[in-house]
Amino acid sequence: MRETVEISLQVNERAQSLRIEPRETLADVLRDRLGLTGTKVSCDAQVCGACTVLVDGRTVSACTFLAVDADGGAVRTVEGLARDGVLTPLQQAFIDEAAFQCGFCTPGMLMAATALLEENPHPTEDEVKEGLDGNLCRCTGYAPIVAAVLRAAEAGR
Amino acid sequence: MKRVIERGPAPEPIGISVPRRDGIEKVTGAASFTTDLTLPGLAHARLLRSPYAHARIRSIDAEAARRHPGVIAVVTAADLPGVQLEYGHAVADHPLIATGKVRFAGEVVVGVVAEDAATADEALRLIEVDYDPLPYATTVEEALAPGAPVLHEKAGRQGAHRGFEEDITRDHPNVCSTFRQAWGEIEDAFTGAHLVLEGTWHYPMCYAFAMEPYTSVAEWKDGELTVWSSAQHPYMVRDDLAHVFHLPLSAVRVIVPYVGGGYGSKSYTKIEPLTAALALKAGRPVRLALNVDDAILTTRGDGATVQLRSAFDRDGRLLGRQATVRLDSGAYAENSPLVGRKAANRLGGPYRIPALEVTCQVVYTNTAPASSFRGFGAPQVVFAAESQMDEAAEALGLDPLEIRRRNLVERGERPWPKVRGLDAKLADDLALAAAELDWSTPPAPGVGRAVCVSASDAGSEPVTTATLRVHPDGSVTVLCGSTEIGQGSATALAQIAAGEMGVPLEKVRLVQSDTAAVTYDRSTGASRTTTLMGLAIRNAARDVKAQLLEWARESWAGEDAPEPVLEHAGIRVGDRLAGWGEVVRAWFAGDYGEAIGRGYLRKAGETAEMPPFWEVGCVGVEVRVDESTGEIHVEKLVTIGDVGCAVNPQLAEAQDVGAAIMGLGMAMREELIYEDGNLVNGNLYDYRVPRFTDLPELRTVLVERGDGVGVYGAKGGGEGALNPVASAIANAVRRATGARLREAPFTPERVWEALRERDAANGR
Ligand code: FES
Ligand code: FES
């Protein structure tokens, strides 16, 4: 038998107690144990940002962040953004600006941008680019994502 | 975004930037990709890959792995009797798992299926493979050198796609295919020339980096196979699977959920046969999900060397072009023979060239196999061709715009014999790009500008079907085999159906990419979907309307009954307009039933001439070069999206921007590097794709002149804006600094070297 440990997390404001293997990443736990497949894994090596989620308000790469290190913390994922079917201004701005194509980078991009706007509600264009530079998108050429984040900032996140 | 609209009206919502129909799913995390799929009893596969570039496999000892707890199956080629191991598009040379020999470092040798991926990983470490290393050739030069190691001892067998028989008769064991494109009297062109220019250009092997790596799930039930996969062309994958497992086409079902990026790299068959073979041996459904490092070893773009000679008269008119193109296509043919043909075709560009002779060789090397990648041969050859156009302008003292104007074919004129006439006004596009760059105002010192064009014979083959179902409430379901790979087909095709049927968009549901549920489409690539599937949907709409008219006649016949008349959104009966649903209800005499429209498209009628459409590219750049570091700063990037009719302007623009930035990445940084038989930068740390902070100032002009073959004059986009980017940057650097770049990507080292060469030439 492999060794397991017990962890407790708040995931999108819901308490979760889980018995997991210590090697499991936060992405494994979210996707495979909690069925929250919105969080995507691409590079699996902390380069692309596709797996970005928030742990206690800070962005982490869930592909390499061990779930045990989130023990006791509050995790937010893309599934936790909209409430009662109402999109956040950022999500709406992504739709309005066509800030995604395939959508594989989008969950991570939204979480990184959410954190950016929480820290800096009125970023300049350069601040958006700098702030999101760790998130890759191969489809859009980035311009519509910048436009969406600026639009959301104007709309009040 | 600016728009130039010179086309006739189109029925709404065609031509409107409606929001993407996959939007809510994609911003809430609900969108389901192959990687998100689970099935009862799903087992997980991992792969053991060769560490050698070229080696014979002496033996494989997998006993310990087979005994490892949690392991369900360990599979080598020897475990798959009765399976047709080799498959391929042009040449059936690619075994789904190594058979006796490996031809590149990273080739799959063993597959392990276990209860979970971690267990499969443990088992991989217990496998011993005894290799007998062979000499290898990782470059085209090495592969064509006398006495070079031979990759494929047996001659290539024709693959699934006919028409390559001549190309693949090999004159050298490492030449996979040869294609020659020629017309006119080439000797005469050069003898009579005022100016002859000659040069050699290099374009790197690139990696598409679709953010979702290749993922497949396979399940066998009662001898029938279902595969979910991140594939662009579900029907082609179906055909290959049927061939590999000796099944009727109807016994293979390929389902494609949302695809996390493709750009051509998910064209054709990838890991699906292997996944299905693993599932067959495991007796369980199997998931094979590659990571990015493995995806790089699965498919890449062809590297190219282009030797180009062009002859001009004193006014800068092209008299002839002669070229030898060599593609570095890796260990297996994949789709490179077609890339080679396209490279040859696309070297003429959109110019009037009285004589041309291009030979393109597709060469096997001991590297990861190359196949389709956005642009498909065009970025490689356009880099050379458009660089040389600027060199000619310079030699003749002409404005780079002017020399292009003098040579561009007119709309309707055939770029070469027996092809469709060009369906674009490229001279006008060129003028638009120049205007965006303020061409007539001289740039500041140290700043250079350039405008480049390209024309690709695009659209692939026009073999496509669509089914359009009209329900008794008047709503519509469209079944189509085109895949939503991010380009927006789910939105644009629904817009076409709504526009053609005259029903609100909300009443149209589009079902895509399930070979057991939707009808045939050849492929989702070559920028063809909006144009060709759009036509098939239009044909299905016409077909169903004709039936409904007949049904109205039958249902409402009678002595004084008025003759029913077909209108855009229904059937007029006297002074009343009956909606489609009402006609269905009347014919079935109840609130049930449906009408089924069939849309066929083939090489006939409006799509008889090849290519179905030309995809033109027109790009302008403004650059500044830091001469002390060799760093190029692309300050402005202009694209002219000449798409005939933008079914969804916002999404059409998005294709241009995405393609141009991808082109920028390939021109500036992207390059797969082999050393000592191994890929040394096969990961995203070392293979650098564009990021937010690389973004230049972007300007897009959408041009709609209604000149394409598609609905309301639509034609394809999505590749055109990539193709000329490298040449535009190289030409702008030349104008800014006097240095000439002939090898992409333009790393600071290469720019610095080119600056030193310039100094040497200037005697400094
Ligand atoms: S998947 Fe985690 S950073 Fe790329
Ligand atoms: S939308 Fe496809 S990678 Fe960003």
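Observations on the model:
- Partnerless cysteines in the protein assembly as shown, where a partner means another cysteine C-beta under 4.7 angstrom, comprise A:C102, A:C139, B:C176, B:C206, B:C360, B:C452, B:C480, B:C618, B:C645.
- Pairwise FRET efficiency - B:R3 versus B:A760, Cβ, R0 = 35 Å, nearest 0.05: 0.15
- Loop-located chymotrypsin sites (Phe, Trp or Tyr not before Pro) across region B:674-708 with a Cβ neighbour count of 11 or fewer within 10 Å are B:Y685, with loop assigned by DSSP.
- Dipole of region B:483-628 [Lys/Arg +1, Asp/Glu -1 at C-beta], most positive-end residue of B:Q487, B:S555, B:V565: B:S555
- Under the Karplus curve 6.51 cos²θ - 1.76 cosθ + 1.60, θ = phi - 60°, whole-Hz ³J(HN,Hα) for region B:204-214, x wherever Gly or Pro sits: x, 6, 10, 10, 6, 6, 5, 5, 8, x, 3
- Within-14-Å neighbourhood charge of B:L144 [Cβ basis; K, R +1; D, E -1]: -2
- For region A:5-80, relative contact order (Cα pairs under 8 Å, six or more residues apart, normalised by length) works out to 39 percent.
- For region B:77-98 versus region B:460-495, the gap between their alpha-carbon centres in whole angstrom: 34
- For B:Y131, the residues whose amide H sits under 5 Å from its own are B:R58, ignoring neighbours fewer than 5 places away on the same chain, with H placed 1.01 Å from N.
- Spatial separation of Cα centroids for region B:718-748 and region A:103-157, in angstrom: 29
- Between the amide H of B:V110 and those of B:L48, distances stay under 5 Å, these residues lying 5 or more places away or on another chain, with hydrogens modeled in the peptide plane.
- You can think of it this way: the chain between B:E627 and B:D575 has 11.1 nm of extra reach, that is 0.36 nm per residue less the Cα-Cα gap.
- DSSP H segments from chain B that extend 27 Å or more along their own axis, Cα-based, with Kyte-Doolittle mean of 0.0 or above: B:649-668
- Model label zone, A:D32; criterion: amide N under 11 Å from point 7 Å along Cα-to-beta-carbon; scope region B:258-283: none
- Accessible surface of B:W201 - all protein chains present, 1.4 Å probe, nearest 10 Å²: 0
- Were the residues from B:R602 through B:T200 laid out at 0.36 nm apart, the gain over their Cα-Cα distance would be 140.8 nm.
- Modelled spin-label separation between B:D171 and B:L249, with each label point placed 7 Å from Cα along the Cα-to-Cβ direction: 3.6 nm.
- Contour minus Cα-Cα distance for B:D121 and B:A145 (0.36 nm per residue): 4.7 nm
- Alpha-carbon centroid distance for the pair region B:149-164 / region B:593-660, whole angstrom: 33
- Using θ = phi - 60° in the Karplus curve 6.51 cos²θ - 1.76 cosθ + 1.60, the 3J(HN,Hα) couplings for region B:686-691 round to 9, 9, 9, 9, x, 10 Hz; x is entered for Gly and Pro.
- Listed residues B:E653, B:E550 arranged by accessible area, highest first, probe 1.4 Å: B:E550, B:E653
- Highest-MSF residue in chain A out of A:V11, A:V128, A:V86 [GNM, Cα springs under 10 Å]: A:V86
- In this structure the amide hydrogen of B:S267, modeled in the peptide plane, comes within under 5 Å of the amide hydrogens of B:Q232, none closer than 5 places in sequence on its chain.
- Dipole magnitude of region A:89-155, debye to nearest 20 (Cβ charges: Lys/Arg +1, Asp/Glu -1, about Cα centre): 320
- Positive-pole candidate from B:A117, B:Q181, B:V256, dipole of chain B, charges at beta carbon: B:Q181
- Value of [θ]222 nm, deg cm²/dmol, for the protein assembly as shown, DSSP H segments ≥ 4, -39500 (n - 2.57) each, nearest 500: -8000 deg cm²/dmol
- Applying the criteria of a DSSP loop state and at most 12 other Cβ atoms within 10 Å to the trypsin sites (Lys or Arg not before Pro) of region B:15-94 yields no site.
- Cβ-derived FRET efficiency at R0 51 Å, B:D399 paired with B:E128, nearest 0.05: 0.15
- The 3J(HN,Hα) values that the Karplus relation (6.51, -1.76, 1.60; θ = phi - 60°) gives for region A:20-36 are, in residue order, 10, 7, x, 7, 6, 7, 4, 5, 4, 5, 5, 7, 8, 8, 9, x, 8 Hz. Gly and Pro appear as x.
- Farthest towards the positive end of the charge dipole of chain B, among the residues B:T215, B:S59, B:A434, is the Cα of B:A434, using unit charges on the Cβ of Lys, Arg, Asp and Glu.
- Residues B:E567, B:E675 ordered from highest to lowest accessible area at a 1.4 Å probe: B:E675, B:E567.
The values are calculated or read from the model by the stated rules, or taken from the named source; none is laboratory data. Quantities reported herein were computed from a predicted structural model and do not represent experimental measurements. All Cβ positions, glycine included, derive from the backbone under ideal geometry; neighbour counts span all protein chains shown. Please note that ligands, DNA and RNA were not included when accessible areas were found on the heavy atoms of the full protein model with its side chains. Shrake-Rupley method; radii C 1.70, N 1.55, O 1.52, S 1.80 Å.
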